[in-house]
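Take a look at the structure set out below.
The values are calculated or read from the model by the stated rules, or taken from the named source; none is laboratory data. Keep in mind that what you see is a predicted model, and the values were worked out from it rather than measured. Cβ placement follows ideal geometry from the backbone for every residue including glycine, while neighbour counts extend to all protein chains displayed. Areas reflect the complete protein model, heavy atoms only, side chains present, ligands, DNA and RNA absent. Shrake-Rupley method; radii C 1.70, N 1.55, O 1.52, S 1.80 Å.
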There are 2 protein chains.
Amino acid sequence: MLTNSYQEQEKLILQLNEIYRQMSPKFERCTGISQSRLELLHKLMEVDEINQTELRRQVNIDSAAVTRHLKQLDEKGVVSRRKNPEDNRVTFVKLTEAGRSKIERYCKEKENFITQVFKGITDQERAVLSDLLSRVESNVKDIEDEQPIE
Amino acid sequence: MLTNSYQEQEKLILQLNEIYRQMSPKFERCTGISQSRLELLHKLMEVDEINQTELRRQVNIDSAAVTRHLKQLDEKGVVSRRKNPEDNRVTFVKLTEAGRSKIERYCKEKENFITQVFKGITDQERAVLSDLLSRVESNVKDIEDEQPIE
DNA sequence: CATCAATAATTGACCCGTCAACTAATTTAG
DNA sequence: CTAAATTAGTTGACGGGTCAATTATTGATG
């Protein structure tokens, strides 16, 4: 009984991984941009100007990753950066005009994509899903890192 | 109305990504091995000997990734490989004795981990979750890759 | 005020995954 | 029987993420 239940839990974990792994590359092929990069840009859309630490906090990825994304986006002219004159450690980031219009097109594609992902799933079911995922997420957050084997 | 619903869908996608990103590194720190590598080993546990293509098919990751995992596992003495004498293109993989006993310890840690992930979630709720994820997964699979912007 | 601690951002090393190109072995067809 | 297609596995280039170490700047404290 417990064994049976455990195996179902194992399967759920695999499902979560599987969905992520299937979805990420497809998202990128469909929209032309990766999910996390678009998420970064989406945040920038909302705030006009923001420093990297705050951006990192909101998108919740490593600051190293943020730096590299922004560097490339800067080179492509999607984003511009300047130092905070009152504190030379922090750098402000904002979208360029070109970037802004590009993103709109990305978001259009994203909309199609997302619609397809949840095809046939009712509002109510999505609410249930969201609740369950939130609880899982919270459990994951609470897990203490332990000593690995060896 | 539709906008509201859409934003919830967006959030769900973010949640899925978030869980994956949070879980993967934690899993590895807790158990001492990565999820996909343990999944590979788990499969090997069940089948005694198997060729790489079949393994790739079952675990559903790129053959390049499989090759690299097995190469490292081979070097660590967890796994042994030999060519199929009847078809020199295929290579058979199997666990070594040392590997087999190591995996048992990993699985023990994994069990703790998974238990924590689903803490406070009932069997019935897990069943619902599994169903919803399956449907999402199936939708993702059906998405046709389209032309990206530009 | 001079030193030591904290903070923001960057960089390097590494893991994991994809795709595309390549090698080698085996089938298949002409 | 040989040439072309297929198949298994490997490798290289690349994108994305983490952690740990480093740099530069600012803040705090004796």
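Computed quantities for the displayed model
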| item | result |
| --- | --- |
| Odd one out for B:Glu49, checked against (1) within 14 Å of chain A (Cβ to nearest Cβ); (2) farther than 20 Å from A:Asn17 by Cβ | (1) |
| Residue check, B:Arg56 within 8 Å of DNA strand D (Cβ to nearest atom) and within 14 Å of chain A (Cβ to nearest Cβ) | yes |
| Filter result for B:Gln52 (crowded, with 16+ Cβ neighbours inside 10 Å, modelled with pLDDT of 95 or more, of a type in the set (S, T, N, Q) and away from DNA strand C (no atom under 11 Å from the Cβ)) | yes |
| The one condition in (1) hydroxyl-bearing (Ser, Thr, Tyr); (2) away from chain A (no Cβ under 12 Å); (3) assigned to a helix (DSSP H, G or I) that B:Thr91 fails to fulfil | (3) |
| One residue from B:Ser36, B:Ser24, B:Ser101 being open to solvent by 60 Å² or more (accessible area, probe 1.4 Å), of a type in the set (Ser, Thr, Tyr) and not in a strand (DSSP E or B) | B:Ser101 |
| Candidate set: the stretch A:78-93, residues that are charged (D, E, K, R) and more than 9 Å from DNA strand D (Cβ to nearest atom); chosen: the one surrounded by the fewest Cβ atoms within 10 Å (Cβ to Cβ) | A:Arg82 |
| Residue that is farthest from A:Gln52 (Cα to Cα), among those in the stretch A:62-88 that are of a type in the set (S, T, N, Q) and either within 8 Å of DNA strand C (Cβ to nearest atom) or part of a helix (DSSP H, G or I) (or both) | A:Gln72 |
| The listed residue being more than 7 Å from chain B (Cβ to nearest Cβ), modelled with pLDDT of 95 or more and either touching a Leu at 6+ places or on another chain (Cβ under 6 Å) or surrounded by fewer than 16 Cβ atoms within 10 Å (Cβ to Cβ) (or both), out of A:Asp142, A:Asp131 | A:Asp131 |
| Whichever residue in the stretch A:39-49 is of a type outside the set (A, V, I, L, M) and in contact with a helix residue (DSSP H, G or I) (Cβ under 6 Å, 6 or more places away or on another chain) and, among such residues, is surrounded by the fewest Cβ atoms within 10 Å (Cβ to Cβ) | A:Lys43 |
| Per-region count, the stretch B:94-108, residues touching a residue at least 40 places away in the same chain (Cβ under 8 Å) and more than 7 Å from every other protein chain (Cβ to nearest Cβ) | 6 |
| Qualifying position, being within 18 Å of B:Lys102 (Cα to Cα), acidic (Asp, Glu) and within 13 Å of DNA strand D (Cβ to nearest atom), among B:Glu39, B:Glu18, B:Glu75 | B:Glu75 |
